[in-house]
């Protein structure tokens with residue numbers, strides 16, 4: 001795929017998706033890429049508006065991410081959290097000093113009447129990111145999980161309870177009435193759109209909130225550009241997070257073919273890890289096998305090139 005006029009749209013969650021988003025950003029003309037972030041994980045904590053997936057993408061594309069954790073800023077300091085702990089405050093969700101500035105400024109601007117899209121666009125420009133970075137919606141959508149402890153907000157489940165409770169159901173509060181980000185819908189209708197990439201993020205927690213927005217799945221079906229998805233599972237295990245655990249608890253088979261089955265109505269090509277050759281069963285779309293584990297920057301770029309080549313091969 002070449003040419004600055006040809007555009008690529010990526011749908012992404014946090015850490016895993018951000019790795020591939022960075023690979024795409026580095027191998028494509030930077031201004032040809034649009035990355036759409038899941039905001040179902042967003043929540044208010046300590047009075048601050050926090051957008052974990054959006055911020056992970058922001059820091060990753062800006063080269064400011066923490067390479068050890070995959071989230072937060074590198075070279076972070078923790079004076080705020082230490083002072084908060086000394087006062088008996090809630091410390092279960094870690095906010096580094098540099099990261100805190102992002103949340104404080106976002107909260108201030110939202111209170112002043114700005115929206116999440118304009119704030120994210122301003123932040124990415126100030127941090128030198130040439131790709132477009134969009135929240136999936138400016139309206140609130142909140143992922144909630146039904147567990148043995150009742151309904152839990154996503155961050156309560158994932159961070160405070162370390163994803164330990166068994167999950168019985170998932171819902172996306174607000175999704176039915178939320179408006180998809182206008183540039184997202186415009187990108188899907190753009191004749192110059194050459195490819196839609198579903199990054200290797202949790203299908204149920206990171207991509208489904210995006211697909212749950214009114215008209216979004218239908219827009220993907222109508223879209224003339226091919227849709228390529230990358231499996232978040234290698235050898236029956238998620239690279240990071242509780243993806244396989246939740247898939248199994250909801251009664252599905254947590255294998256490398258799960259995402260292909262899950263996206264079957266919108267998918268044109270599926271990319272799985274070469275370790276899963278012979279384990280994918282009957283998938284109704286073309287499959288490309290490659291190394292999908294992204295431990296280095298070179299891995300991210302190599303997988304991005306494979307994704308682009310898979311689309312070119314259609």
| Is it true that some residue in the stretch 281-292 is crowded, with 22+ Cβ neighbours inside 10 Å and in contact with a helix residue (DSSP H, G or I) (Cβ under 8 Å, 6 or more places away or on another chain)? | yes
| message | Restricting to the stretch 129-169, count the residues that are surrounded by fewer than 20 Cβ atoms within 10 Å (Cβ to Cβ), farther than 19 Å from residue 209 by Cα and touching a strand residue (DSSP E or B) at 6+ places or on another chain (Cβ under 8 Å). | response | 4
| said: All but one of (1) exposed (fewer than 15 other Cβ atoms within 10 Å of the Cβ); (2) under 20 Å from the mean Cα position of the chain (by Cα); (3) closer than 28 Å to residue 304 by Cα hold for residue 126; state the number of the condition that does not hold. | reply: (2)
| query | Within the stretch 145-174, can you find the residues that are touching a residue at least 60 places away in the same chain (Cβ under 8 Å) and part of a loop (DSSP other than H, G, I, E, B)? | reply | 163, 166
| message | Among the residues in the stretch 301-314, are any crowded, with 17+ Cβ neighbours inside 10 Å, more than 22 Å from the chain's Cα centre (by Cα) and at pLDDT below 95? | response | no
| request: Restrict the check to the stretch 191-204 and report whether at least one residue is surrounded by fewer than 16 Cβ atoms within 10 Å (Cβ to Cβ), touching a helix residue (DSSP H, G or I) at 6+ places or on another chain (Cβ under 7 Å), touching a residue at least 40 places away in the same chain (Cβ under 8 Å) and more than 16 Å from residue 53 (Cα to Cα). | output: no
| said: Restricting to the stretch 98-125, name every residue that is farther than 18 Å from residue 46 by Cα and in a helix (DSSP H, G or I). | reply: 116, 117, 118, 119, 120, 121, 122, 123, 124, 125
| query | Mind checking which residues of the stretch 227-246 are on the phi > 0 side of the Ramachandran plot and in contact with a helix residue (DSSP H, G or I) (Cβ under 7 Å, 6 or more places away or on another chain)? | reply | 235, 236
| task | Scan the stretch 209-225 for residues that are under 19 Å from the mean Cα position of the chain (by Cα) and under 17 Å from residue 199 (Cα atoms) and jot them down. | result | 209, 210, 211, 212, 216, 217, 220
| query | What pairs come up if the first residue lies in the stretch 54-69 and is free of Cβ contacts under 8 Å to residues at least 60 places away in the same chain, the second is in a loop (DSSP other than H, G, I, E, B) and crowded, with 18+ Cβ neighbours inside 10 Å, and their beta carbons are under 6 Å apart, counting only those six or more places apart or on different chains? | reply | 56/14; 56/71; 66/72
| request: Could you please give the count of residues in the stretch 280-298 that are out of contact with any strand residue (DSSP E or B) (no Cβ under 7 Å at 6 or more places or on another chain) and in contact (Cβ under 8 Å) with a residue 40 or more places away in the chain? | output: 2
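The values are calculated or read from the model by the stated rules, or taken from the named source; none is laboratory data. Here the structure is a predicted model, which means the values were calculated and not measured. Quick reminder, even Gly has a Cβ in these numbers, built from the backbone with ideal geometry, and neighbours come from all protein chains shown.
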